[in-house]
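Taken together, the values in this text are just the output of simple stated rules run on the coordinates, not laboratory data. Here the structure is a predicted model, which means the values were calculated and not measured. Neighbour counts run over all protein chains shown; Cβ positions are idealised from the backbone, glycine included.
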């Protein structure tokens, strides 16, 4: 599998075509599974990890899927390529930095990835554009059934699926949605939303999940409890809450627009103009400026850019993607200059104009 091709394509989840995609970037479901015949990854020897990877790679290759999944071994990848997959949200930071035999199987549209020898023997992930948790669940449940027909999972009648971390025992499922919430953050109401979510045992994380902070006004909301609840109950809890957050964000956008249209237009225009003219740009600054331009497109205050283009720029301006696009390793300052050049070029290619 040629990872260089990823820098010239967009995964399905970046296309902005799903339901409520003005606010919901993506829906994701992840399942943690382990093989009954082997110790957990953190207890397994290098030899056992190699056995696990070989077994699972063989079983994954034989799944009745069209097209078949492509498999990538982590041991053969450079640090840059590993980071590329993290930025693409196809693997976790844990898989990228772990030791020993491990890999990932990837679907052609980047909707499916199957990590091998991460914290658990298997981490299945399906990610879709917009608010599509039911679709994601249907797809990942099918893949899980296909795998379970070929391997024996570690399962307890009392506790459910057994996992390396006790917080994942039970269904082994994390369901999440990634939301773009610039207006709630601007209005200072976002903390109230987060407190309400915590009372419902829902977690709020940044763009890259656990341990990451919010950037570009992106937040991931996911379940915390996996034991004692069914998959349908977990999905229902998130699906009950997310429409309310969407409603609050849309109301906050309209309030901002009606009460201070000139100020909002100025903030968006300054962001747009900076992206077109800056000669140095950090990743964090790029995220924030693109966030305001994305808001402008959704409020019809910016007319010559599309949401898929902006979504793609969020990913392509990340450090590993940028260095792959340039074709050479770059230090911090050179990377900031290259990022600014790329933004100017890509925006003009898209037909956008700062005027």
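Quick notes on this structure:
- Tensor-based shape of region 1-69 (alpha-carbon gyration tensor, a/c under 1.5 rounded, otherwise prolate or oblate): prolate
- Region 227-285 and region 292-310 have Cα centres spaced 12 Å apart.
- Comparing 129, 306, 78 in a Gaussian network model of the chain where C-alpha atoms under 10 Å apart are linked, the largest mean-square fluctuation is found at 78.
- Residues considered: 251, 158, 231. Largest GNM mean-square fluctuation over the chain, using C-alpha springs under 10 Å, is found at 158.
- When each of 91, 143 is scored by the number of other beta-carbon atoms lying within 10 Å, the sequence from fewest to most is 143, 91.
- Angle of helix 133-148 to the longest C-alpha principal axis of the chain, folded into 0 to 90 degrees and rounded to 10: 20°.
- 12 Å cut-off, amide nitrogen to a point 7 angstrom out along residue 198 Cα→Cβ, residues in region 175-192: 191-192
- Backbone N within region 282-306 under 15 Å of label point (7 Å from residue 325 Cα along the Cβ vector): 282-291, 306
- Rounded tilt (10° steps) of 283-298 against the dominant C-alpha axis of the chain: 70
- The angle between the Cα long axis of helix 261-277 and the longest principal axis of the Cα atoms of the chain comes to about 70 degrees, rounded to the nearest 10.
- Taking 0.36 nm per residue of separation and subtracting the Cα-Cα distance, full extension of the segment from residue 337 to residue 270 would add 22.2 nm.
- From the C-alpha gyration tensor of region 3-252, square roots of 5λ in Å: 30, 21, 16
- The alpha carbon centroids of region 66-118 and region 128-185 are separated by 18 Å.
- Shape call, region 42-166: gyration tensor on alpha carbons, a/c limit 1.5: rounded
- Stretchable slack from residue 93 to residue 280, in nm (0.36 nm times residue separation minus alpha-carbon distance): 64.6 nm
- Value of [θ]222 nm, deg cm²/dmol, for the chain, DSSP H segments ≥ 4, -39500 (n - 2.57) each, nearest 500: -14500 deg cm²/dmol
- Where only C-alpha atoms are counted, convex hull volume of region 261-349 per residue in Å³: 79
- Top of 53, 328, 285 by mean-square fluctuation, Gaussian network on the chain, Cα under 10 Å: 328
- Once both labels are positioned 7 Å from their Cα atoms along Cα-to-Cβ, the gap between residue 156 and residue 17 label points is 4.4 nm.
- Two-site FRET efficiency, residue 146 against residue 79, from Cβ-Cβ distance with R₀ of 45 Å, rounded to 0.05: 0.85
- Rounded, prolate or oblate (a/c below 1.5 giving rounded, otherwise prolate when a/b exceeds b/c) for region 138-233 by Cα gyration tensor: prolate
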